[in-house]
Every structure is written in C-alpha cells, then in structure tokens.
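The values are calculated or read from the model by the stated rules, or taken from the named source; none is laboratory data. Predicted model, so just to flag it, every value in this text is computed and none were measured. Every residue, glycine among them, receives a Cβ derived from its backbone with ideal geometry; neighbour counts consider all protein chains shown.
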Amino acid sequence: MIVAAMATAANAEVVFYESFNNLKGQGGNDGYFDNSADGIVEVGAEDLLEATLLDNQEGWGDFVKVAICSQCVRIATKKNPGSITTPAFTLNGEAAILSFNAAAQLADVTTLHIQLIGEGTLQYGEQSGSLIDIELPATVEGETVLANQQYEIAITGVDGQCQIQFYTESSSDAKQRAYLDEFKVTTGQDSAIDIETDPQHAPVISTLGGVRIDSGELAPVTRQVRKQLDELGAFNTQIVVSSDLDEFFRIANEHIESRTPASIAYHGNIVDLLQYVVDH
C-alpha cells in the first residue's frame, strides 16, 4: 500500500475547474503571505464581491470575507471567519478527485475545513465524511510556495449535483487565514498508485524522491509500481521496503541531510522499530 496524494491518469476528465488567474491583487502566488514591512505590499487589500473576474461567473455561493490576491484568493480576516463555495457540478456515481492549492497566512495557525454540500463522501487520509479538516503547514517567509502545496481529496457516492465549501474559523483569538488556488474536480483517474509527498515541497511526480510499499505481495506490487512510475516520468523515484533497521534509518538520514523527499517502509515488528528508536 502506498499512501497520500493520488496520481492523475492521462484519461482524467475535468468536471470543474477554477484557476483564479484573472485576479490581480497581492499575496499568495507572488510569494507574499503578509504585508511587507515597507508598506508596498498589502495582501488581500480588495474584497471579492462578485464572480465577474472568475473563470466560472455563475453559481458561486456567498463570498464571505474573501479577498482578491495574486491569481488566487484568501479567505477570512484577522477577526472574522471566511468561506468560499464553488458552483454546483455533476457527478454520476463515479469517483472523483478534488484538488486545490492552500497555504496559511504568515504566523497564522490555520485549519482549513472542506465541506461537501450534497449527497456523498469525502476521503482524505484516515478522514471520511462530508467534512474534512486539514491543518495547513506553517508558512515560512521566503520559502513557502503556494503552487507547491497541493492537496487531493477523494469524492465518492455523489449521483447528481454537489458543491464544495472551503472555510476557516478565524477569530481575534485564533487567526486562521488561508490562501486558496486551482480548484479542480476530475474523474476517470487511476487510483492504483498513490504518491506520498511533503506538502511543503513541490508534488511533481517526475521529481518525487521515493515511495513506500508496506503491504500486499511485495514483489509483484513493487514491479507494478515501478512500471506506473516510469510511465509517469518518475524514472529516478526510489521504491523502498526494508526489514533492516540500520538500513532503514541510514536511508532516512541520507534524505534528511540531502533535503530530498522520500517515504521509507519498515517491513517487520513495530515493537522492534520503536525499541530501536529508544536505544539509538
């Protein structure tokens, strides 16, 4: 089993897409996640009040504390929660993937809530239901890139129209502002290969450092994953399965030192793994 973000197959069909590319404010895709000290950059200075500048100009829910940023939007303010709700799109019982980019305002500790409006289920990691909560990583000035923080959520059980609402519960006691971009819903994806990436790094499959396999018939599964990775252009991606604890932590330390993403599986007794951590 390989976990986390799902790779998109070439035959995927896009059923909803919003790029926000016509928004020309400041913040988000320009690398700013707060106002600049010199006052030249003022992120989210203008509210988004109507959809005339969006790709989809009809069907949106209310824009609640939504700000125009650099080819993206920001929801919530320092004192007030915010939300943005997509127009309705139609699924005919097939599984789909919702993808989007998200980053927190500098210094905010932000939990982003994603709500499915209508029949059906969202699934993200171990979460499953109509509501998914994602704790966004802390934004680092000069390092965080909105386009590199892509999230993917599975949508199942929808037979008809539905909408997706993104919101945060920001308040003066707990600021929770979020920059959002690239809303996309696709169907017809190949779920046989899932890719584990650090959302702080670019989730580009051709540069993925490694994946892990931790269940199933290891030999045939490994061959299948290798074939799929090669087809997706990820020729240098490592597949790691190890029952040797010395090797396990040696490989982990190598990737920590080189700052390259990788996922490494230990094939063995979890008690032995935990005892090794304690001893070393």
Candidates 96, 102 - the one that is more than 25 Å from residue 67 (Cβ to Cβ), under 17 Å from the mean Cα position of the chain (by Cα) and surrounded by 21 or more Cβ atoms within 10 Å (Cβ to Cβ)
96
Give the residues of segment 131-155 that are loosely packed, with under 15 Cβ neighbours inside 10 Å and either under 19 Å from residue 84 (Cα atoms) or touching a helix residue (DSSP H, G or I) at 6+ places or on another chain (Cβ under 8 Å) (or both), sorted by residue number.
131, 133, 135
Subset of segment 252-269 that is at pLDDT below 75 and over 23 Å from the mean Cα position of the chain (by Cα) - its residue that is nearest to residue 143 (Cα to Cα)
258
Go through 158, 185 for me and flag whichever is at pLDDT 95 or above, crowded, with 16+ Cβ neighbours inside 10 Å, within 19 Å of residue 117 (Cβ to Cβ) and over 17 Å from the mean Cα position of the chain (by Cα).
158
All but one of (1) within 15 Å of the chain's Cα centre (by Cα); (2) on the phi > 0 side of the Ramachandran plot; (3) at pLDDT 95 or above hold for residue 125; which doesn't?
(3)
Any idea which of (1) within 24 Å of residue 12 (Cα to Cα); (2) in contact with a Lys or Arg (Cβ under 8 Å, 6 or more places away or on another chain) is the one residue 86 doesn't satisfy?
(2)
